[in-house]
Every structure is written in structure tokens, then in C-alpha cells.
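One structure is given here, and the rest of the page talks about it.
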Amino acid sequence: MSIALCPGSFDPVTLGHIDIIERTSRHFDEVVVAVIRNPQKTQSLFTLQERQEMLAECTAHLGNIRIEFFMGLLVDFAREHGANAIVKGLRAVSDFDYELQMAQMNFKLARIDTLFMPTSPQHSFLSSSLVREVARFGGDVSQLVHPAVQQALRQKFGK
Ligand code: PNS
């Protein structure tokens, strides 16, 4: 059974993340979405449970997704779950520098491969931090996130 890991903070999950998870799910038997437990909890907008609920709702149409939390090194989590590869979306060249470093470090630590998937062009500018900022000031995020996430952002910011 082939297992892919899609790791991230997902604070909140965007349509860009969903695009990568969906496309990854076509290539692997199972996709484990690994949500990092942020040690600086105060910096997160959404709690772990909220992030998990939003991810579950956005991926409900896919049959082979599991959502898990992790702390510490991603490679340890990958080993525990028998993952065959880490899959990362690349939006632009600017992502590549750091992602390459992490991929090479993860390979050095545990001989696990990282596969880079180009983000669909319509999502190349999209990030959770920009979504948070737009939503915070009442901007329209309907083209950027799933309706369930839009609703959660509205509740968070009262807009
Ligand atoms: O959504 P993000 O915040 O860009 O996700 C980053 C994440 C969680 C994938 C990355 O920070 C990570 O893998 N952290 C785990 C700690 C770790 O393994 N560090 C060494 C990587 S070389």
C-alpha cells in the first residue's frame, strides 16, 4: 500500500492545499494529511481541532484521506506511519529554495523522498497567511477557500 504525507500548518486550509491533496490522492493508495501541532499556540488563528474539522470537510469527497497531527520531526512521523513519500506543493521559484533544503535534510535523516507538485496556476499566489489577512479586514475570500472555511473565518473575525 502506498502512502503519501502532505504536511503543513493548514491555518486555515486553502483551495491551494486541497488541490495538492486531491491530485496526490490520485497517485497514492492513501494520503495522510499531517497537521503540525504548533508549539507557539498563540500564533495560530485556528485550534488544532478546528483545522482538522475544516480539512475533513474539504476532503470529504475523497475516499483515501486521513488527517493526523504531529509534533517534532516530520521524518519520525513519516516512519511511524509507513509513508513512502512526502508531497509538497510548489507555488513559485521562491518556495523552491527552502523546500529543497527541507527535502534534502529529510532525505539525509531518513532516506525519505519528497515529491514536488506544481500548484495549479490559479492558486499560485495563495497562502494561509494572506487568507487570514484578507479575512481579518473583511475582504472576500470565497475564491480562495472552501465555503466551510469561509464560514469559520467569518465567525472568527465577526465579519
Ligand atoms: O504549512 P507550513 O507551515 O509551510 O508547513 C511547514 C511544515 C510543517 C511542513 C514544516 O515546518 C515541517 O516539516 N516541520 C516539522 C519539523 C521538521 O521536521 N523539521 C525539519 C525539516 S528539514
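From the list V141, V131, pick out the single residue that is of a type in the set (V, I, T) and under 17 Å from the mean Cα position of the chain (by Cα).
V131 is the lone residue from the list that is of a type in the set (V, I, T) and under 17 Å from the mean Cα position of the chain (by Cα).
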Give me a count of the residues in segment 2-43 that are at pLDDT 95 or above and away from the ligand (no atom under 13 Å from the Cβ).
16
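Suppose we keep only residues that are of a type outside the set (D, E, K, R) and within 15 Å of S25 (Cβ to Cβ) within segment 63-78. Which one would you say is nearest to the ligand (Cβ to nearest atom)?
So the residue we want is I67.
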Which of the residues belonging to segment 99-158 are within 24 Å of K88 (Cα to Cα) and acidic (D, E)?
E99, D113, E133
Name the single residue, out of those in segment 79-113 being among the hydrophobic types (A, V, I, L, M, F, W, C) and near the ligand (Cβ under 9 Å from one of its atoms), that is surrounded by the most Cβ atoms within 10 Å (Cβ to Cβ).
I86
Pairing a residue in segment 4-20 that is under 12 Å from L55 (Cα atoms) with any residue that is within 11 Å of the ligand (Cβ to nearest atom) and in a loop (DSSP other than H, G, I, E, B), where Cβ atoms lie under 7 Å and the two sit 6 or more apart in sequence or on different chains, gives S9/N38; D11/S44; H17/F10
So R111 passes all but one of these: (1) within 25 Å of L130 (Cα to Cα); (2) among the basic types (K, R); (3) modelled with pLDDT of 95 or more. Which condition number does it fail?
(1)
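The values are calculated or read from the model by the stated rules, or taken from the named source; none is laboratory data. What you see is a predicted model; the values in this text were computed from it and never measured. Cβ coordinates were reconstructed from backbone atoms using ideal geometry, including for glycine residues, and neighbour counts include every protein chain displayed.
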